[in-house]
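Every number in this text was worked out from the coordinates using simple rules, so none of it is lab data. Since the structure is predicted, the reported quantities are computational estimates derived from the model, not experimental observations. Because the Cβ atoms are built from the backbone with ideal geometry, glycine has one as well, and the counts that use them run over all protein chains shown.
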Amino acid sequence: MIDTERPDAGVEWRGLTRGELAATLVEHGVPGGHAQRLFGHLHRRQAPIETFGAMSLRQRSRLADVERPTVCTLVERHAAGASDETEKLVFRLRDGRRVEGVIIPEGPRSTFCVSSQVGCAMACVFCATARLGLERALTVSEIIAQIYTARARCEAVGRPLRNVVFMGMGEPLHHYDVTRRALEILTDPAGISLGFPRITVSTVGLAPRIAQLGADFGGRIQLAVSVNAGRQATRARIMPIGTTYDLDALRAAIAAYPLPRNRYVLLEYVLLAGLTDTPDELAALAAWVRDLPAIVNLIPFNPFADAPETLQSPADADVSRAFATLRAAGVPVSVRQPRGRRAVAACGQLARLRPE
Ligand code: SF4
């Protein structure tokens with residue numbers, strides 16, 4: 001299966017699901033029965049196709065000839081330092097563009113926050129990535145490559161990768177098919193077999209795609225939704241997508257997500273001083289959340305260079321007040337600690353880099 005959307009078409013072997021791999025082998029005159037073991041060779045062993053001993057030399061070289069090697073090179077690492085062990089990874093892609101991911105140690109394990117696009121089209125006003133606009137979607141294998149690099153790094157520092165969160169640059173449900181295929185590869189038992197509950201996909205609220213994700217993976221992928229306001233007018237003001245999918249449509253999509261029992265949707269809520277942390281906004285949020293199987297995660301706004309002056313971080317006391325208000329209203333709620341600020345790796349700050 002050659003990607004004809006790209007001028008330098010070729011096959012990125014690690015970007016194929018197992019089914020696609022079998023079909024692509026057949027296209028190139030190789031029995032599709034090799035797909036299962038070859039998939040393990042490429043993903044579990046992370047070995048090149050040329051060393052797959054179960055195929056003849058001729059077959060291997062035929063496949064290697066059509067390969068387009070994935071370029072997703074780790075070019076920088078930025079440690080947050082001090083007591084914050086968060087580390088930002090910067091990757092350079094084939095076209096010189098860069099994307100960023102973040103390793104977040106949590107006890108003896110790590111979580112990796114992966115990017116799905118270069119930039120983002122969603123234009124949320126509180127987000128640094130939005131400033132880039134959408135430059136392009138990543139390929140499936142560019143997403144996979146970030147995760148495998150982070151996984152190796154986590155192993156090297158003795159804190160193995162446990163969770164992957166699609167919360168880096170980009171809206172992962174925008175180019176849904178790319179994300180769907182990456183999820184299929186990551187969870188494939190013949191590959192690295194990441195458990196479904198260990199993967200979180202965070203969306204700005206593309207309601208029809210939430211339904212699609214739920215249908216394709218039976219609700220097993222952890223869903224996070226960027227809500228950020230309790231009132232429709234406020235949300236539309238800070239998130240343009242809110243005019244396309246309003247809070248009613250979003251609520252219906254979340255309520256219909258086929259969650260397994262005892263699981264929750266994570267609702268991300270950026271606290272902007274005087275805008276989303278007001279009593280009225282929080283009361284509206286509490287009413288909106290009622291009866292949803294959801295936990296609200298409050299995220300104090302992280303200022304970034306060029307952020308609109310009207311956007312301010314809340315004072316610590318206001319964060320505590322917002323937390324107490326929601327809790328008193330019966331809303332399950334937590335506060336995300338702003339980790340990674342020194343590495344410019346905190347939520348909404350992955351946007352520093354442009355193509356060389
Ligand atoms: S918050 Fe997420 S969806 Fe919104 S602009 Fe930033 S990266 Fe895109």
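From the helices alone, meaning DSSP H stretches of at least four residues, give me the mean residue ellipticity at 222 nm for the chain, per-run term -39500 (n - 2.57), in deg cm²/dmol to the nearest 500.
So the calculated ellipticity at 222 nm is -9500 deg cm²/dmol.
Note down the relative contact order for the chain as a percent, whole number, built from C-alpha pairs under 8 angstrom at least six residues apart.
16 percent
As I understand it, the dipole of segment 230-297 uses +1 on the Cβ of Lys and Arg and -1 on the Cβ of Asp and Glu, about the Cα centre. Which of Leu285, Val296, Ala236 lies farthest toward its positive end?
In segment 230-297, that residue is Val296.
Run the simple label-point estimate for Asp65 and Ala9 please: 7 Å along Cα→C-beta, distance reported in nm.
Here the answer is 1.7 nm between the modelled labels.
Using modelled backbone amide H atoms (1.01 Å from N, in-plane), which distant-in-sequence or interchain residues come within less than 5 Å of Thr200's amide H?
Long-range HN contacts for Thr200: Val164, Val165, Phe166.
Compute the separation of the alpha-carbon centres of segment 5-57 and segment 109-148 and state it in Å as a whole number.
Going from one Cα centre to the other spans 26 Å.
Build a GNM of the chain with springs between Cα atoms under 10 Å: which of Met239, Met169, Met55 gets the top mean-square fluctuation?
Met55
So if we plug the beta-carbon distance of Ser56 and Arg162 into 1/(1 + (r/R0)^6) with R0 = 41 Å, what FRET efficiency do we get, rounded to 0.05?
0.55
Compare Thr179, Thr187, Thr244 in a GNM of the chain, Cα atoms joined below 10 Å, and give the one with the largest fluctuation.
Looking only at Thr179, Thr187, Thr244, the largest GNM fluctuation is found for Thr244.
To the nearest 0.05, how large is the calculated FRET efficiency for Ala328 and Gln46 if R₀ is 35 Å and r is the Cβ-Cβ distance?
0.10
To make sure I understand, if each residue's beta carbon is the centre and we count other beta carbons within 10 Å, what order do Arg109, Arg198 fall in, fewest to most? Could the numbers behind the result be given before it?
Values: Arg109 14, Arg198 17.
Ranked by crowding around the Cβ, least crowded first: Arg109, Arg198.
Quote the charge dipole size of segment 1-139 about the Cα centre in Debye, to the nearest 20; the model charges only the Cβ of Lys and Arg (+1) and of Asp and Glu (-1).
300 debye
Report the FRET efficiency, 1/(1 + (r/R0)^6), for Ser193 and Glu309, where r is their Cβ-Cβ distance and R0 is 56 Å, rounded to 0.05.
My answer for the efficiency is 0.75.
Could you give each residue of segment 190-205 its phi-based ³J(HN,Hα) in whole Hz, using Karplus coefficients 6.51, -1.76, 1.60 with θ = phi - 60°, and x for Gly or Pro?
Result, rounded to whole Hz: 7, x, 7, 6, 5, x, 4, x, 8, 10, 10, 10, 10, 10, 6, x.
For each of Ile103, Ile295, count neighbouring Cβ atoms within 10 Å of the residue's Cβ, then give the residues from fewest to most.
Ile295, Ile103
Local charge sum around Gly219 (other residues, Cβ-Cβ under 12 Å, Lys/Arg +1, Asp/Glu -1)? Walk me through the intermediate numbers first.
Working: positive: Arg220, Arg261, Arg263; negative: Asp216.
Here the charged neighbours net out to +2.
Whole angstrom only: what separates the Cα centroid of segment 286-330 from the Cα centroid of segment 186-243?
Centre-to-centre (Cα) distance: 19 Å.
Skipping prolines and chain starts, which residues have an amide H placed within reach, meaning under 5 Å, of the one on Gly230, given they are 5 or more residues away or on another chain?
Leu285
Amide H neighbours of Ser334 under 5 Å, counting only residues 5+ apart in sequence or on other chains, H built in-plane at 1.01 Å?
It is Val296, Asn297, Leu298, by chain and number.
Read phi for every residue in segment 94-100 and hand back ³J(HN,Hα) as whole Hz from Karplus 6.51 cos²θ - 1.76 cosθ + 1.60, θ = phi - 60°, with x for Gly and Pro.
Karplus values, whole Hz, x for Gly and Pro: 3, 8, x, 5, 10, 10, 10.
Among Phe52, Phe301, Phe323, which one shows the highest mean-square fluctuation when the chain is modelled as a Gaussian network with alpha-carbon springs under 10 Å?
For the chain, modelled as a Gaussian network with Cα springs under 10 Å, the answer is Phe52.
Karplus couplings for segment 107-120 from phi (6.51 cos²θ - 1.76 cosθ + 1.60, θ = phi - 60°), rounded to Hz, Gly and Pro as x?
Residue by residue, segment 107-120 yields x, x, 10, 9, 10, 10, 9, 9, 8, 10, 9, 8, x, 6 Hz.
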